[in-house]
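First up is the structure itself, then whatever we jot down about it.
Read-outs: derived from the displayed coordinates by stated rules, not from any lab. Only a predicted model underlies this, so the values are computations on that prediction, with no experimental measurement involved. Methodologically, a virtual Cβ is constructed for each residue, glycine included, from the backbone with ideal geometry; neighbour enumeration extends over all protein chains shown.
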Amino acid sequence: MTTKTILEVKNLCKDYEDDQVLNNISFQVAEGEFTAIMGPSGSGKSTLLYNISGMDRPTSGAVVLCGKEISKLPDGQMSAVRLNQMGFVFQHSHLLKNLSIRDNIVLPGFKAGTQSRERVNQNAAALMKKTGITNIADHDIKKVSGGQLQRAAICRALINNPDILFGDEPTGALNSNTTREVMDIINAINAEGTTVIIVTHDIKVAARASNVIYLIDGNIKDKLELGKFQDDVQTQSLREKRLGEWLESQGF
Ligand code: ADP
Ligand code: MG
């Protein structure tokens, strides 16, 4: 069986003034993979994520999503790609404060307009059930916990059935129990076929990825293949050990 490449990053460079923040980055992601991006603070992880997901534009190089070069698309077309083909989860949920959990989740679905309102509502209900937040659907977002907000942010990110789920430190503001619960959800989404790319500092989070990319000063220093995550305590501790040793050899 041949695996299909869903994302190809080719010779990507990003400069800010005279500062070369990303320096000729190339890598590929196969459909259904879970890639973790690690590296010291300031190494360019967020910049890389923003440039491959169209939140920012590279200075040079190409980003090919599902066979289509997207990095030079006009803003309107790029927004449509982001809305329909990508989902985003950040360290903080960025949900709208004056809307309920449910309304926050359906909003990008209504905005995309590619599915009927009824279908969007059904999707939202299914996602909330899957992530265990059905009971807080009509709650004010000011009244729910950080873990619940992140679950809602995941539902919102998935409402248009994206090809890729991106996360920039999605568990960075969560405690270790909540991190585990949120990562169980992300692993389950990945197991159902959604490609996942997340930036993280957390070895326990990155050990759930199938591949890890290590950045230093805007360069890919090395890559580690861990294989698909299995929900098994023993396997998980071996993955963490292997990743920990590899990271140590990178100077992490
Ligand atoms: P990381 O996510 O790995 O901590 P970032 O991608 O946020 O790193 O930043 C990488 C480098 O790029 C840092 O030196 C940062 O100061 C610089 N940088 C990021 N965004 C900008 C910007 N908008 N303007 C100028 N420099 C920036
Ligand atoms: Mg960052």
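This table checks each residue for (1) away from ligand 2 (no atom under 16 Å from the Cβ); (2) among the β-branched types (Val, Ile, Thr).
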position: 5; (1), (2): yes, yes
position: 10; (1), (2): yes, no
position: 16; (1), (2): no, no
position: 19; (1), (2): no, no
position: 27; (1), (2): yes, no
position: 41; (1), (2): no, no
position: 44; (1), (2): no, no
position: 63; (1), (2): yes, yes
position: 70; (1), (2): yes, yes
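So that you can scan it fast, the table gives a plain yes or no per residue for (1) polar (S, T, N, Q); (2) more than 30 Å from residue 247 (Cα to Cα); (3) touching a Leu at 6+ places or on another chain (Cβ under 6 Å):
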residue	(1), (2), (3)
10	no, no, no
20	yes, no, no
25	no, no, yes
64	no, no, no
70	no, yes, no
79	yes, yes, no
84	yes, yes, no
Complete set of residues in the stretch 225-244 that are hydrophobic (A, V, I, L, M, F, W, C) and assigned to a loop (DSSP other than H, G, I, E, B): 226, 229
Odd one out for residue 170 among (1) in contact with a helix residue (DSSP H, G or I) (Cβ under 8 Å, 6 or more places away or on another chain); (2) surrounded by fewer than 17 Cβ atoms within 10 Å (Cβ to Cβ); (3) not charged (D, E, K, R): (2)
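Taking the stated definitions as given, is residue 58 in contact with a strand residue (DSSP E or B) (Cβ under 9 Å, 6 or more places away or on another chain), outside any helix (DSSP H, G or I) and crowded, with 17+ Cβ neighbours inside 10 Å? Reasoning before the result, please.
Details: in contact with a strand residue (DSSP E or B) (Cβ under 9 Å, 6 or more places away or on another chain): yes; outside any helix (DSSP H, G or I): yes; crowded, with 17+ Cβ neighbours inside 10 Å: yes.
Answer is yes for this residue.
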Identity of the residue in the stretch 175-212, more than 16 Å from ligand 2 (Cβ to nearest atom) and part of a loop (DSSP other than H, G, I, E, B), that ends up nearest to residue 126 (Cα to Cα): 192
Residue in the stretch 213-224 that is in a helix (DSSP H, G or I), farther than 25 Å from residue 3 by Cα and over 18 Å from the mean Cα position of the chain (by Cα) present: no
Residues located in the stretch 65-91, provided they are surrounded by 19 or more Cβ atoms within 10 Å (Cβ to Cβ), in contact (Cβ under 8 Å) with a residue 60 or more places away in the chain and under 16 Å from residue 9 (Cα atoms): 65, 86
So residue 119, is it more than 22 Å from the chain's Cα centre (by Cα) and of a type in the set (Lys, Arg): yes
Pair list, Cβ < 8 Å and 6+ apart or interchain, from the stretch 42-57 residues that are among the acidic types (Asp, Glu) to residues that are assigned to a helix (DSSP H, G or I) and within 9 Å of ligand 2 (Cβ to nearest atom): 56/47
Conditions (1) within 23 Å of residue 154 (Cβ to Cβ); (2) within 16 Å of ligand 2 (Cβ to nearest atom); (3) out of contact with any Ser or Thr (no Cβ under 7 Å at 6 or more places or on another chain); (4) of a type outside the set (D, E, K, R): number failed by residue 36: (3)
Among the residues listed as 104, 84, the single one being part of a helix (DSSP H, G or I) and farther than 23 Å from residue 195 by Cβ: 104
Residues located in the stretch 119-160, provided they are under 20 Å from residue 187 (Cβ atoms), of a type in the set (Gly, Ala, Ser) and not in a helix (DSSP H, G or I): 132
Some residue of the stretch 202-214 being under 16 Å from residue 27 (Cα atoms), out of contact with any Gly (no Cβ under 6 Å at 6 or more places or on another chain) and among the basic types (Lys, Arg): no
Unique residue being small (Gly, Ala, Ser) and closer than 30 Å to residue 22 by Cβ when the list is 137, 62, 126: 62
Leading residue by the ranking (farthest from ligand 1 (Cβ to nearest atom)) among those in the stretch 38-54 that are in a loop (DSSP other than H, G, I, E, B) and either surrounded by 20 or more Cβ atoms within 10 Å (Cβ to Cβ) or within 13 Å of the chain's Cα centre (by Cα) (or both): 54
